[in-house]
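The values are calculated or read from the model by the stated rules, or taken from the named source; none is laboratory data. Please read these numbers as outputs of a predicted model, since none were measured by experiment. So basically every Cβ, Gly included, is an ideal-geometry build from the backbone, and we count neighbours across all protein chains shown. Surface areas here come from the heavy atoms of the whole protein model, side chains and all, with no ligands, DNA or RNA. Shrake-Rupley method; radii C 1.70, N 1.55, O 1.52, S 1.80 Å.
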Amino acid sequence: MKKVLDHIGIAVRDLEGSIDFYIHVLGGELVDRYRSEATGVESEIAIIDIEGARTELLMPTNNTTSPIARFIKQKGKGVHHIAYRVDNLDIAIENLKKEDIRVMEHTRRVNKHGRRLIYLNPADTEGTIIEYCDYP
């Protein structure tokens, strides 16, 4: 199955400052900004486009339960995940299972843009948080 880089997720402490950097220094365009209090997200998200490449800036909205807050506490701000777009998320998950790659079922969801997504277990991906997504 074909996989294409969809976006990179960056954990940040200061969303305004990060947006400013990505727009004024890197020449990006703010495409969308929204807040999600969904369990397992609990973040304010800014989507930046730089010449067709997307970056999601993720700032926790709850310092106790947000996975982004936990990530920042453990590893500091920076690259949180890499997302790959697949043709069909359901088939991609079945293919992963055949390869004994576990997915984190509790992360499966549809975001506000209709993107279906799930995270792979970092224990099976050399420690990198990888998202698979599709846009049905």
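Taking the options 42, 56, name whichever one is out of contact with any helix residue (DSSP H, G or I) (no Cβ under 9 Å at 6 or more places or on another chain), under 28 Å from residue 23 (Cα atoms) and either open to solvent by less than 30 Å² (accessible area, probe 1.4 Å) or of a type in the set (Phe, Trp, Tyr) (or both).
56
Where the second residue is open to solvent by 50 Å² or more (accessible area, probe 1.4 Å) and at pLDDT below 95 and the first is within 21 Å of residue 38 (Cβ to Cβ) and of a type in the set (Gly, Ala, Ser) and lies in the stretch 68-88, which pairs have Cβ atoms under 9 Å and are six or more apart or on separate chains?
Listed by first residue and then by second, the contacts come to 69/62; 69/63.
Where residues in the stretch 120-136 are buried (at least 17 other Cβ atoms within 10 Å of the Cβ) and touching a helix residue (DSSP H, G or I) at 6+ places or on another chain (Cβ under 9 Å), which of them is nearest to residue 75 (Cα to Cα)?
So the residue we want is 129.
Which number in (1) of a type outside the set (Lys, Arg); (2) closer than 22 Å to residue 120 by Cα; (3) modelled with pLDDT of 95 or more marks the one condition that residue 32 misses?
(2)
Within the stretch 26-45, can you find the residues that are free of Cβ contacts under 8 Å to residues at least 60 places away in the same chain and closer than 16 Å to residue 114 by Cα?
The answer is 31, 33, 35, 45.
Looking at 91, 72, 23, can you tell me which residue is surrounded by 15 or more Cβ atoms within 10 Å (Cβ to Cβ), more than 15 Å from residue 8 (Cα to Cα) and more than 17 Å from the chain's Cα centre (by Cα)?
Residue meeting the stated conditions: 23.
For the stretch 77-86, does any single residue satisfy the condition of being among the charged types (D, E, K, R) and either under 12 Å from residue 12 (Cα atoms) or surrounded by 13 or more Cβ atoms within 10 Å (Cβ to Cβ) (or both)?
The answer is yes, given that some residue of the stretch 77-86 is among the charged types (D, E, K, R) and either under 12 Å from residue 12 (Cα atoms) or surrounded by 13 or more Cβ atoms within 10 Å (Cβ to Cβ) (or both).
Restricting to the stretch 99-119, name every residue that is loosely packed, with under 13 Cβ neighbours inside 10 Å and under 17 Å from residue 3 (Cα atoms).
99
Looking at (1) of a type outside the set (Ser, Thr, Tyr); (2) open to solvent by 100 Å² or more (accessible area, probe 1.4 Å); (3) at pLDDT below 95, can you tell me which one residue 62 breaks?
(2)
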